[in-house]
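In what follows, a single structure is set out as structure tokens and then discussed.
The values are calculated or read from the model by the stated rules, or taken from the named source; none is laboratory data. None of these values were measured; they are calculated from a predicted model. All Cβ positions, even for glycine, are placed from backbone atoms using ideal geometry, and neighbour counts span all protein chains on display. Heads up: the accessible areas ignore ligands, DNA and RNA and are worked out on the full protein's heavy atoms, side chains in. Shrake-Rupley method; radii C 1.70, N 1.55, O 1.52, S 1.80 Å.
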Amino acid sequence: MIKKPRIKSLLLLAALITVSYASSGISVGCDDTKKVKENTIVLQGKVTRHNGEAASDIKVSILRLGKELDSKSTDKDGRFKFDSLPIPNEGTQIFLEFTLSESDNITKSRPIWATGGSKVTYNVSINQDSNDISLTRWLVRQRAIDLNNRDQFSFEGTEATFTINADNEDCIKVKDNSLVKIASSEVTLSGCVNGIVANGSASVIIEADKDIEVTAEEKNGIDTDDNATVKLTKTETSTKNNIFSITSDNGDSINAKGSSAVTIDPGTTGSCKITGEVNSDNEATINRECPDDS
């Protein structure tokens, strides 16, 4: 039997470990994007000065179609946060406007692409002497995507890191004539039952300036059927040595059926890391344009 003082010590140690993880920025436990409501986003960030100091009392406004959705001022640590901003699931362009000088009415705005059902971190650095603003981090954590009929989802942001942690769901699931198109700096699909599932005449197109990683924990990395198409490719402006990784822990890395088509193309200087079986029916096609396919 453990004595009570010992229990208190263990609880104190656990609390200290929890605080340590939180303060270091390490994510513990499951992704919480499921808590984000449909057709809304959570947008948060930090504003720092060019010397690295936190910029407090900077007004941050969110604009869409010329109208202000909301505005707040940064706190003493330079942070801001907007909960439940109305953004359609299929995606739209919004503007973040930063007021650098209230007295002189000097503002700088940056356009970003936003998609409903996501948590977005957007950090910037400002120089109030030259009235310049630069992006330091853009992270999008998207909830699992499930489309049918003629639904569409698009994300455009080659400065962003785009992630889906599906927490035991299919990361991307499309059917009928639906379309998913993602263009980002890096794309990571994790915590997936299936990484990408496409049926009917649906299409999934993922473009990355750097790397694409698809990890299926239970079934297939990419699973296609009927006339569906899935294409993973580098962006037109990419000059990086892209690495496209497709992994299945318990299924096929790629399973193409029917007359579906899968294309993996990291570019002539890129590489593929495909872990698991690759299977296709007679009429299905898998194009692996990988210089050092492994």
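Under a crude label model (7 Å from the Cα following the beta-carbon direction), how far is ASP75 from ASN127 in nanometres?
Spacing of the two 7 Å Cα→Cβ label points: 3.0 nm.
By how many nm would the segment from ILE205 to LYS35 grow when fully extended, if each residue of separation counts as 0.36 nm and the alpha-carbon distance is taken off? Intermediate values should be presented prior to the final figure.
Numbers: separation 170, 0.36 × 170 = 61.20 nm, distance 2.64 nm.
Here the segment from ILE205 to LYS35 would lengthen by 58.6 nm.
Using Cα atoms only, what is the angle between the long axis of helix 4-24 and the major principal axis of the chain, expressed in degrees (0 to 90) to the nearest 10?
90 degrees
Placing unit charges on C-beta atoms (Lys and Arg positive, Asp and Glu negative, everything else neutral), compute the dipole magnitude of the chain about its Cα centre in debye, rounded to 20. Kindly include the intermediate steps, with their values, before the conclusion.
On the way: 34 positive and 44 negative charges, 298 e Å.
Approximately 1440 debye in magnitude.
Here is the link list: LYS37/LYS173; LYS34/LYS81; LYS46/LYS108; LYS173/LYS210; LYS59/LYS81; LYS35/LYS234. Which ones come out longer than 21 Å on Cα distance?
Numbers: LYS37/LYS173 19 Å; LYS34/LYS81 18 Å; LYS46/LYS108 15 Å; LYS173/LYS210 23 Å; LYS59/LYS81 12 Å; LYS35/LYS234 31 Å.
Pairs exceeding 21 Å: LYS173/LYS210; LYS35/LYS234.
Would you mind calculating the gained length between ASN177 and ASP104 on full extension (0.36 nm times residue separation, minus the Cα-Cα distance), in nm to one decimal?
Net length gain for the segment: 21.2 nm.
Send over the per residue convex hull volume for the stretch 175-246, Cα only, as a whole number of Å³. List each step's numbers first, then the result.
Details: hull volume 5.3 nm³, N = 72.
Here the figure is 74 Å³ per residue.
Give, as a single signed number, the net charge of other residues whose beta carbon lies under 12 Å from the beta carbon of VAL174, with Lys and Arg counted +1 and Asp and Glu -1.
Summing Lys and Arg as +1 and Asp and Glu as -1 gives -3.
Which value results for Rg/Rh of the stretch 131-283 when Rg is the Cα radius of gyration and Rh the Kirkwood radius based on the inverse mean 1/r?
On the way: Rg = 14.9 Å, Rh = 15.3 Å.
Radius of gyration over Kirkwood radius for the stretch 131-283 works out to 0.98.
Based on the Cβ-Cβ distance from SER134 to ARG288, what FRET efficiency comes out when R0 is 41 Å, to the nearest 0.05?
0.60
Report the percentage of all Cα-Cα pairs in the chain whose separation exceeds 28 Å, rounded to a whole percent.
Details: 19720 of 43071 pairs.
Roughly 46 percent, once rounded to a whole number.
Calculate one ³J(HN,Hα) per residue across the stretch 273-284 by plugging θ = phi - 60° into the Karplus curve 6.51 cos²θ - 1.76 cosθ + 1.60, and present them in order as whole Hz with x for glycine and proline.
Working through the residues one at a time gives 10, 10, 10, x, 5, 10, 10, 8, 6, 4, 8, 7 Hz.
Averaging over every viewing direction, what projected area does the convex hull of the Cα atoms of the stretch 38-101 cover, in nm²? It would help to have the intermediate numbers written out before the result.
Details: hull surface 18.7 nm².
Computing the convex hull of the Cα atoms and averaging its projections yields 4.7 nm².
Can you send over the carbon and sulfur percentage of the accessible area for the chain, probe radius 1.4 Å, protein chains only?
44 percent
Suppose we take every Cα in the stretch 136-194 and form the convex hull; what volume per residue is that in Å³?
Expressed per residue, the convex hull around the Cα atoms of the stretch 136-194 is 67 Å³.
Let me cross-check LEU63: its accessible surface, 1.4 Å probe, with only protein heavy atoms counted, in Å² to the nearest 10?
Near enough 40 Å² of accessible area.
Farthest toward the dipole's positive end in the stretch 145-226, which of SER178, ILE206, ILE222, given Cβ charges of +1 (Lys, Arg) and -1 (Asp, Glu) about the Cα centre?
The residue sitting most towards the positive pole is SER178.
Taking every DSSP beta bridge with both residues inside the chain, roughly what % is antiparallel (nearest 5)?
On the way: 37 of 111 bridges.
Antiparallel bridges make up about 35 percent of those DSSP assigns within the chain.
Along its principal axes, what span do the Cα atoms of the stretch 28-70 show, with the longest given first and each in whole Å?
On the principal axes, the stretch 28-70 reaches 37, 36, 13 Å in Cα extent.
For the modelled label position 7 Å from the Cα of THR275 along Cα-to-Cβ, which residues of the stretch 201-223 have backbone nitrogen atoms closer than 15 Å?
Flagged as within label range: 212-222.
Between THR268 and GLU218, 0.36 nm times their residue separation minus their Cα-Cα distance comes to what? Don't skip to the end; give the middle numbers.
Numbers: separation 50, 0.36 × 50 = 18.00 nm, distance 3.14 nm.
Extra length from THR268 to GLU218 when fully extended: 14.9 nm.
Any idea of the accessible area per residue across the stretch 35-113, 1.4 Å probe, to the nearest Å²? Can you show the working numbers first?
Working: 4370 Å² over 79 residues.
With the other protein chains kept in place, the stretch 35-113 gives 55 Å² per residue.
May I ask you to evaluate 6.51 cos²θ - 1.76 cosθ + 1.60, the Karplus curve with θ = phi - 60°, for each residue of the stretch 94-99 and list the ³J(HN,Hα) values in order in whole Hz, giving x for glycine and proline?
Along the stretch 94-99, the couplings run 10, 10, 9, 10, 10, 8 Hz.
Based on the Kirkwood radius over alpha-carbon pairs, what is the Stokes-Einstein translational diffusion coefficient of the stretch 63-216 at 25 °C with 0.890 mPa s viscosity, in µm²/s? Don't jump to the answer; show the numbers that get you there.
Numbers: Rh = 16.9 Å.
Answer, rounded: 145 µm²/s.
Can you spot the aspartates and glutamates whose alpha carbon is less than 16 Å from LYS67's alpha carbon? Ignore those fewer than 8 places along the same chain.
GLU97
Only loop residues by DSSP count here, and only those with at most 16 other Cβ atoms within 10 Å; note down the GluC sites (Glu not before Pro) in the stretch 182-259 that meet that.
Numbers: sites: GLU186, GLU207, GLU213, GLU217, GLU218, GLU236; in loops: GLU217, GLU218, GLU236.
Of the GluC sites (Glu not before Pro), the ones in loops of the stretch 182-259 whose Cβ has at most 16 other Cβ atoms within 10 Å are GLU218, GLU236.
In square angstrom, rounded to the nearest 10, how much accessible surface does ARG79 have for a 1.4 Å probe?
Probe radius 1.4 Å; accessible area of ARG79 about 130 Å².
Can you list, largest first and rounded to whole Å, the semi-axes you get for the stretch 64-155 by taking the square root of 5 times each eigenvalue of its Cα gyration tensor? Before the final figure, lay out each step's value.
Numbers: eigenvalues 165, 38, 29 Å².
After scaling each eigenvalue by five and taking roots: 29, 14, 12 Å.
Run the reach check for LYS257 against aspartates and glutamates, Cα to Cα strictly under 16 Å, same-chain hits fewer than 8 apart removed. What comes back?
In chain and number order, the partners are ASP176, ASP223, ASP225, ASP226, GLU277, ASP281, GLU283.
Just to be sure I follow: if Rg is taken over the C-alpha atoms of the stretch 223-271 and Rh is the Kirkwood radius over the same atoms, what is Rg/Rh? Walk me through the numbers before you get to the answer.
Details: Rg = 12.7 Å, Rh = 12.1 Å.
Radius of gyration over Kirkwood radius for the stretch 223-271 works out to 1.05.
Taking the Cβ of GLU68 as the center, what net charge do the other residues with Cβ under 15 Å away carry, scoring Lys and Arg +1 and Asp and Glu -1?
Working: positive: LYS59, ARG64, LYS67, LYS72; negative: ASP70, GLU97.
Local charge sum for GLU68: +2.
Taking the Cβ-Cβ separation of ASN51 and ILE243 as r and a Förster radius of 45 Å, what is the calculated FRET efficiency to the nearest 0.05? Can you show the working numbers first?
On the way: r = 35 Å, r/R0 = 0.78.
Taking R0 as 45 Å, the efficiency between ASN51 and ILE243 is 0.80.
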